[in-house]
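Working notes for the structure below.
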Amino acid sequence: MSKSCKVHVNQLQVGNFVRLPVAWKDHPFLFNSFRVKQEAQIQLIRSLGIEHVFVDLDRSDVMPLQEQSVSVSAPSKDLAPLIDELDKKKQEQIEQLKKMRRELGKTEQEFDRSLAKMRNLINKLRSRPLNAIQEAEELIQDITRQLLANENLVLHLMGDAKKDDGFYYHSLNVAVLCMLLAKELGWDRADIEAIGMGALFHDVGKLKVPAQILKKHTGLTTPEINFIKQHPNFGVEFVKLTDTFPEAALPVITNHHEFLDGSGYPKGLKANDLCPLSQLVAVVNEYDTLCHPDNISKAKTPYSALGYLFKNYKGKLNNDFVGQLIRMLGIYPPGSVVELTSGQFGMVMAVNISKLLFPRIMVYDALVPKDQAPIIDLEAEGLSIVRCLPPAALPEKIFNYLNPRERVTYFFGHESKR
C-alpha cells in the first residue's frame with residue numbers, strides 16, 4: 001500500500017500527489033487524486049475552503065513542506081482563468097462520459113438481442129432444424145454487415161452471464177471474436193460468415209452429453225471423458241439434420257479441439273489436415289475456455305490467458321492467429337483489472353482496435369457513486385497502466401465497486417467522431 005499523510009494545504013508543493021477530501025462535483029479538477037503541476041493549482045486548492053488534504057508520499061516527486069517552514073504568499077495571479085479552463089475540461093469529460101455510456105448501452109442492447117436470437121435458434125435445432133439454420137445465417141449476416149460497415153470498431157465488455165446461460169455466452173463470444181479476427185486478417189465476407197456459422201454451432205454437440213456428466217464436480221471417468229470428446233461429431237450430426245448448413249463451416253464444428261501437432265481430438269488431426277477456419281476457431285475457443293473453465297477456481301484473467309496461450313501452445317495452435325488475437329484484444333483486454341499511473345484501480349471496459357494502448361477504464365473513486373463511476377480514456381487523460389492484477393487481489397470495497405466479471409464476454413460497437 002502507498003504511504004500517505006494528512007497535511008495542511010499550506011504545506012503543499014508542486015510535485016506532491018494529492019487526494020482531495022471533497023466530493024468530485026465540489027471542485028473543478030478532473031480527479032480527486034492527482035499530481036500538482038503548478039503553483040496556481042495549490043492556490044486553487046486553498047480556495048476550496050478546506051484546511052487539509054492527503055499526500056501520497058510514494059507517488060510524490062517531493063515531500064510536503066515542514067510546518068515550521070511554511071510561508072503563505074498572496075495569490076500571484078487571478079485564478080479565474082485556471083478555474084474556467086479546469087471547469088471546461090471537466091464538463092467536456094462529463095459529456096464524453098455520457099457519450100461512452102450511451103455507446104456502451106447501445107452495444108449491450110445489440111448483444112442482448114443477438115443472445116436472445118442465439119438461445120431461440122438453438123432451442124429450435126431439434127424440432128425445426130431448417131428454421132434454426134436460417135435464423136443463424138440471418139444473425140451471422142447481420143453481424144458481418146455491422147463489422148464490414150465500420151472501421152472504427154470498439155470491443156466492449158458485456159455484463160455477467162445469467163445462471164445456466166454459459167453455453168450461449170461462450171458460443172456467441174467465440175463467434176464474435178472469430179469474425180472480428182477474420183476481418184482483421186483481411187478475410188473475405190464468405191469466410192467471415194462461414195467461420196461465424198461454424199463458431200456459433202461449434203459446441204452444439206454438448207447438447208447430446210448428459211447434464212450429469214457436463215456438470216459433474218468430481219473427477220470424470222475415462223469413459224465419460226471419451227464421451228465428451230465426441231461432442232464435435234455429435235455437433236455435425238445436429239447441423240446435418242438439414243442440408244442447408246454451409247459446407248465450409250462444417251470443419252469448424254468437427255475440428256475446434258484439434259491441434260496442429262496431432263494432440264487434439266476427436267481424430268488427432270495435424271496441421272496439414274486443418275483448414276485456416278478450424279485453426280482460427282481453435283485459438284479463440286481455447287482462449288475463452290482458459291477464462292471460463294469448468295472449474296471456476298482455475299479461471300485465468302483475460303490478460304494472463306493471452307500470455308498463457310502465447311507461452312504454452314507453441315506447436316499446438318497457429319502462432320500467427322494467436323499473435324493476431326493478442327494484437328486485437330490489446331495487452332490489457334476488456335475485463336482486465338489494472339492499476340494506473342495515477343495510483344487508481346480500474347477495470348478495462350472497452351478497447352478501440354485502432355488504439356490498443358489507450359483502452360477505456362472504469363475507475364474506482366470512493367467519492368463517486370458506483371452507478372456513476374467514471375470511465376476514462378487513457379489517451380485523453382495522459383495516463384497509462386502500471387500493471388494488471390487478479391480481481392482477488394483488490395481490497396473488498398474496490399472489488400465490490402468495480403464488480404469484475406465472472407464471465408468475460410465481448411461484443412463490438414463503433415466509436416463515433418467527437
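The values are calculated or read from the model by the stated rules, or taken from the named source; none is laboratory data. All figures in this text were calculated on a predicted structure; none of them were measured in a lab. Please note: Cβ atoms are built from the backbone with ideal geometry, for glycine as well, and neighbour counts cover all protein chains shown. Accessible surface areas use protein heavy atoms only, side chains included; no ligands, DNA or RNA. Shrake-Rupley method; radii C 1.70, N 1.55, O 1.52, S 1.80 Å.
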Self-check item: Filter result for PHE345 (among the aromatic types (Phe, Trp, Tyr) and either without any contact (Cβ under 8 Å) to a residue 12 or more places away in the chain or within 28 Å of PHE167 (Cβ to Cβ) (or both))
Solution: no
Quiz prompt | Residue list for segment 389-414, filter: open to solvent by less than 30 Å² (accessible area, probe 1.4 Å) and either touching a residue at least 60 places away in the same chain (Cβ under 8 Å) or not in a helix (DSSP H, G or I) (or both) | solution = LEU389, LEU394, LEU402, PRO404, VAL408, THR409, TYR410, PHE411, PHE412, GLY413
Quiz item: If you take the residues in segment 237-261 that are under 32 Å from the mean Cα position of the chain (by Cα) and surrounded by fewer than 19 Cβ atoms within 10 Å (Cβ to Cβ), which one is nearest to GLN141 (Cα to Cα)?
Solution: PRO246
Practice problem: Have a look at LEU130, LEU147, LEU125, LEU104 and point out the one that is farther than 30 Å from PHE234 by Cβ and either touching a residue at least 12 places away in the same chain (Cβ under 8 Å) or open to solvent by less than 60 Å² (accessible area, probe 1.4 Å) (or both). | Solution: LEU104
Exercise. Specify which of the listed residues (GLY307, GLY335) is open to solvent by less than 40 Å² (accessible area, probe 1.4 Å) and part of a helix (DSSP H, G or I).
Key: GLY307
Exercise. Output the number of the condition that VAL284 fails; it satisfies all remaining conditions of (1) surrounded by 19 or more Cβ atoms within 10 Å (Cβ to Cβ); (2) in contact with a strand residue (DSSP E or B) (Cβ under 9 Å, 6 or more places away or on another chain); (3) in contact (Cβ under 8 Å) with a residue 60 or more places away in the chain.
Key: (2)
Quiz item: What are the residues in segment 18-34 that are touching a Phe, Trp or Tyr at 6+ places or on another chain (Cβ under 9 Å), modelled with pLDDT of 85 or more and open to solvent by 10 Å² or more (accessible area, probe 1.4 Å), if any?
Solution: ARG19, PRO21
Quiz item: Are there any pairs, at least 6 apart or on different chains, whose C-beta atoms fall under 8 Å, with the first in segment 26-48 and over 14 Å from GLN11 (Cβ atoms) and the second crowded, with 17+ Cβ neighbours inside 10 Å and of a type in the set (Asp, Glu), and if so, which?
Solution: LEU30/GLU381; PHE31/ASP365; ASN32/ASP365; SER33/ASP56
Quiz item: VAL281 passes all but one of (1) touching a His at 6+ places or on another chain (Cβ under 6 Å); (2) on the phi > 0 side of the Ramachandran plot; (3) not aromatic (Phe, Trp, Tyr); which number fails?
Solution: (2)
Practice problem: Could you look through segment 350-363, keep only residues that are buried (at least 23 other Cβ atoms within 10 Å of the Cβ) and not β-branched (Val, Ile, Thr), and pick out the one that is nearest to GLU103 (Cα to Cα)? | Solution: ALA350
